[in-house]
Amino acid sequence: MKIDYEGLDLKYVVLKLISTNPMHGYLLASKVEKIFGKRPSNGTLNPLFNKLEDEGLIKSFETVEHGKYKKIYSLSSKGHEMLKEMTSQLREFISL
């Protein structure tokens, strides 16, 4: 059974996915699709990436991969702290 990610906090999912492996938006969208069976649109992810970067939770840099520019996202130290706090709150909620 697939879980509807719209019922979850996509912010948490994005932070969790890039916490161990920096990645570009297309790869991240593919991973979300593999997990939840539904691919988030660019109109959903790009504003979220911008917001997370503005909040200092993620960092980005551009690179060239196979002749194409890609923006790679990684978790900042502030993002790691936020992810720990969110994970703790989620565990607390699940244990109710």
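Applying 1/(1 + (r/R0)^6) with r as the Cβ-Cβ distance of Asn21 and Ser95 and R0 = 30 angstrom yields a FRET efficiency of 0.60. Here Lys38 is the anchor, and the lysines within straight C-alpha reach of less than 25 Å, apart from those fewer than 8 places off in the same chain, are Lys2, Lys11, Lys16, Lys51, Lys70, Lys71. Selection among Met23, Leu45, Ser60 by position relative to the dipole of the chain gives Met23 as farthest towards the positive end (Cβ unit charges, Cα centre). Label separation (Ser41 vs Phe61): 3.3 nm, computed from points 7 Å beyond Cα along the C-beta direction. For the range 1-90, the list of trypsin sites (Lys or Arg not before Pro) that fall in a loop by DSSP and count at most 16 other C-beta atoms within 10 angstrom reads Lys2, Lys38. Counted residue by residue at 0.36 nm each, then reduced by the alpha carbon distance between them, the extension gain from Leu10 to Ile72 reaches 20.5 nm.
For the chain, the pair-distance distribution built from all alpha carbon pairs, in bins 5 Å wide starting at 0, is 3, 13, 23, 24, 20, 11, 4, 1, 1, 0, 0 percent. In plain terms, the residue of His24, His80, His66 with the fewest other Cβ atoms within 10 Å comes first and the most crowded comes last, giving His66, His80, His24. The charge dipole of the chain, taken about the Cα centre with unit charges on the Cβ atoms of Lys, Arg (+1) and Asp, Glu (-1), comes to about 320 debye, rounded to the nearest 20. Sparsely packed loop sites in the chain (the GluC sites (Glu not before Pro) outside DSSP H, G, I, E and B with at most 14 other Cβ atoms within 10 Å) comprise Glu55. Contact order for the chain, expressed relative to its length and based on alpha carbon pairs under 8 Å spaced 6+ residues apart, stands at 29 percent.
Since every read-out is calculated from the coordinates, none of them should be taken as a lab result. The shown structure was predicted, so the numbers you read here are calculated from the model rather than taken from an experiment. Counting neighbours? That spans all protein chains shown, and the Cβs are built from the backbone with ideal geometry, glycine included.
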